[in-house]
Amino acid sequence: MLTIKVFLDTNVLIDVLSVAERPATEYSIRIFQEIRNFKLEGVITVQSVVDAAYVFRKDPGTQRLFRDSILQIRNYVNLEPLNAFDLQDALLSGAPDFEDALQVYHAYNAGCDYFITSDRVLSSRSPVSGMQFCTPEAFVRKMKEMSLGVRTKGTLTPERTREG
């Protein structure tokens, strides 16, 4: 069976962890559920977790939810450190956004098929040696085309609880 390996950018992680509805939340949650159901292989860098923690740092309730969610997510997503090869490739690339370059080169070096991001500039990039860039919404459409059994709207249950 062919496994599709997807890299999830920091903003996709934030979509899933946020208690506030964000534009791509629904699609990001669908992708995480397909990873949890072993229909996709997911990759997130430890740096993305650190960056997301910074976003959620102010509210103690949100911090608790963040920690609990990361402890669950790490059970089914490959949580990987950035390494010296990623750093070197990003530095040599001359890319204007170093943080994005680190994530892109890690995804490439990890052999990911897709780089999923809500960043419109990144999502519109041309493929890099077979790795395609797309938004969560565009990837969910691709999953339907690939017959990965993506459920329709309203049948998904996020792994987080919304406070409100």
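We did not get these values from a lab; they are worked out from the coordinates using the rules stated. Fair warning: this is a prediction, and the values are worked out from it, not measured in the lab. Neighbour counts are summed over all protein chains in view; Cβ atoms, including those assigned to glycine, are modelled from backbone coordinates with ideal geometry.
Some values worked out for this structure:
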read-out: Candidates F56, F32, F7, filtered to the one that is out of contact with any strand residue (DSSP E or B) (no Cβ under 9 Å at 6 or more places or on another chain), of a type outside the set (S, T, Y) and touching a residue at least 24 places away in the same chain (Cβ under 8 Å); value: F56
read-out: Members of segment 97-125 that are of a type in the set (A, V, I, L, M, F, W, C), under 21 Å from D15 (Cα atoms) and not in a helix (DSSP H, G or I); value: C112, F115, I116
read-out: Residues located in segment 42-75, provided they are surrounded by fewer than 19 Cβ atoms within 10 Å (Cβ to Cβ) and not in a helix (DSSP H, G or I); value: R57, K58, D59, R74, N75
read-out: Qualifying residue in segment 82-90 (condition: of a type outside the set (K, R) and assigned to a loop (DSSP other than H, G, I, E, B)); value: yes
read-out: Residue within segment 6-22 that is farther than 28 Å from N83 by Cα, under 15 Å from the mean Cα position of the chain (by Cα) and surrounded by fewer than 22 Cβ atoms within 10 Å (Cβ to Cβ) present; value: yes
read-out: One residue from A20, A53, A95, A84 being in contact with a helix residue (DSSP H, G or I) (Cβ under 6 Å, 6 or more places away or on another chain) and over 19 Å from D113 (Cα atoms); value: A95
